[in-house]
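In what follows, a single structure is set out as structure tokens and then discussed.
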Amino acid sequence: MTAKIISGKEIAEQIRRELKQKTDKLVAEEGVTPGLVTILVGENPASVSYVTAKQRAAKELGFYSIQDTQPASISEDDLLALVDKYNKDAAIHGILVQLPLPKHINETQVLYAIDPDKDVDGFHPVNVGKLMIGEARYLPCTPAGIQQLLIRSGTETSGAEVVVVGRSNIVGKPIANILLQKKDGANATVTICHTRTKDMAAHTRRADILIVAAGFPNAVTADMVKEGAVVIDVGVNRVGEKPSTKTPGKMVAILKGDVDFDAVKEKASAITPVPGGVGPMTITMLMENTLKSARHAAGLE
Ligand code: GUN
């Protein structure tokens, strides 16, 4: 079997068209423009490129968007004060602090400082707790994007054996929770594997839907996949550099997922590529959360 490629790029474009219509309606009928601030501390190249992409997406939808870049030397107190300034700014509906933060700043403290109503990443403990009991307004972006990929590719989740590889707070734990909920697009039987799992392949081979967020290339090889499984590869690994096809003389990163794509696509029924799979969905769901926050502020949800 050669797998169908689930294009996150195409699905993300489709969702962004829907979001653009809703945004235009909110602006025209309520006079409310969704506002997003992305706070970047330091110059980590991966963070710079993520934040740039988030800003571009916000502008394309007609959001009011601010890129607030701070030096890596900023104190924790100054960063907390900055978050508080945006908490109080009525034009801002979403606050995103790009992670990771420099070592001298307590990430948890900063995430706790964001007003849960403006926490469009869904990382504040109030929102994590609401997700667990099925009451979330904001689903964290990467897991929300994975769920949309499954729904919009026609993958049945109800009663499916889902195996998640990786137990991070950003991907593994929330996607397991989301797919476990008694809701449409969920109702799965979920197993989470991690670094202390005894026989990982024994678990992954049972998966109808295999979600891989392990954090290193080739974490999942073809022998670990059931014939006909749907495979979602969340990994983004920079494995080298190549000359840019767009800008002569510039080098760009060569990206690879956590799944041995070439071998696994011969066994799976559907698979997401890297790049162009989960990545574009994460940014799209951030836009959806920001729009939701603006609609909430306007008394519409
Ligand atoms: N760093 C890597 N992924 C993310 C994300 O989804 N949100 C934030 N704020 N930082 C990240």
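Remarks
- Estimated vicinal HN-Hα couplings, Hz - the stretch 232-245 in sequence order (Karplus 6.51, -1.76, 1.60; Gly, Pro = x): 10, 9, 8, x, 9, 10, 7, 9, x, 9, 9, x, 5, 7
- Relative contact order computed over the stretch 67-207 (Cα-Cα under 8 Å; 6+ residues apart), in percent: 17
- Compared with the alpha-carbon gap, the fully stretched path from I151 to L99 is longer by 15.9 nm at 0.36 nm per residue.
- Cα extents of the stretch 193-301 along the three principal axes, largest first (Å): 51, 45, 28
- Subtracting the Cα-Cα distance of S158 and D262 from their residue separation scaled by 0.36 nm leaves 34.6 nm.
- Rounded D (µm²/s) - the chain, Kirkwood Rh over Cα pairs, Stokes-Einstein at 10 °C, 1.306 mPa s: 79
- Using a cutoff of 8 angstrom between alpha carbon atoms and counting only pairs six or more residues apart, the relative contact order for the stretch 195-269 works out to 34 percent.
- Evaluating 6.51 cos²θ - 1.76 cosθ + 1.60 at θ = phi - 60° for every residue in the stretch 296-301, the Karplus couplings come out as 5, 4, 7, x, 9, 9 Hz, glycine and proline recorded as x.
- When peptides 195-204, 255-264, 46-55, 137-146 are sorted by average Cβ neighbour count within 10 Å, with the highest value leading, the order is 137-146, 255-264, 46-55, 195-204.
- Cα pair distances of the stretch 37-107 binned at 5 Å [whole percent]: 3, 16, 28, 24, 19, 8, 2, 0
- Peptide ranges 281-288, 4-11, 119-126, 245-252 listed from the most packed, as the mean C-beta count within 10 angstrom indicates: 281-288, 119-126, 4-11, 245-252
- Positive contributions from Lys and Arg (+1) and negative ones from Asp and Glu (-1), summed over other residues with Cβ under 10 Å from the Cβ of H124, come out at -2.
- Contact order normalised by residue count of the chain, Cα under 8 Å, 6+ apart, percent: 22
- Within a Gaussian network of the chain (alpha carbon springs, distance under 10 Å), most fluctuating of V239, V128, V230: V239
- For I66, the amide hydrogen comes within under 5 Å of the amide hydrogens of L36, V37, T38, counting only partners 5 or more places away or on other chains and with H modelled in the peptide plane.
- Computed FRET value (nearest 0.05) for A201 with K59, which takes r as the C-beta separation and R₀ as 30 Å: 0.10
- Residue separation of A91 and M251 scaled by 0.36 nm, minus their Cα-Cα distance, works out to 53.8 nm of gained length.
- Couplings 3J(HN,Hα) of the stretch 46-60, computed from phi: 5, 5, 4, 6, 5, 5, 4, 5, 5, 5, 4, 4, 5, 5, 4 Hz, in residue order, whole Hz [Karplus 6.51 cos²θ - 1.76 cosθ + 1.60, θ = phi - 60°; x for Gly and Pro].
- If both residues of a DSSP beta bridge must be in the chain, then about 15% of such bridges are antiparallel.
- Where labels lie 7 Å past Cα in the beta-carbon direction, separation of M132 and D115 in nm: 2.6
- Distant-in-sequence amide contacts of I192, defined by a placed amide H-H separation under 5 Å and a gap of 5 or more residues or a different chain, comprise V164.
- For K4, the residues whose modelled amide H falls within less than 5 Å of its own, excluding neighbours fewer than 5 places apart on the same chain, are A270, I271.
Any read-out appearing in this document is the output of simple, stated calculations on the displayed coordinates, not a laboratory observation. What you are looking at is a predicted structure, and each value in this text was computed from that prediction instead of being measured. For neighbour counting, all protein chains shown are included, and Cβ atoms are generated from backbone atoms with ideal geometry for every residue, glycine included.
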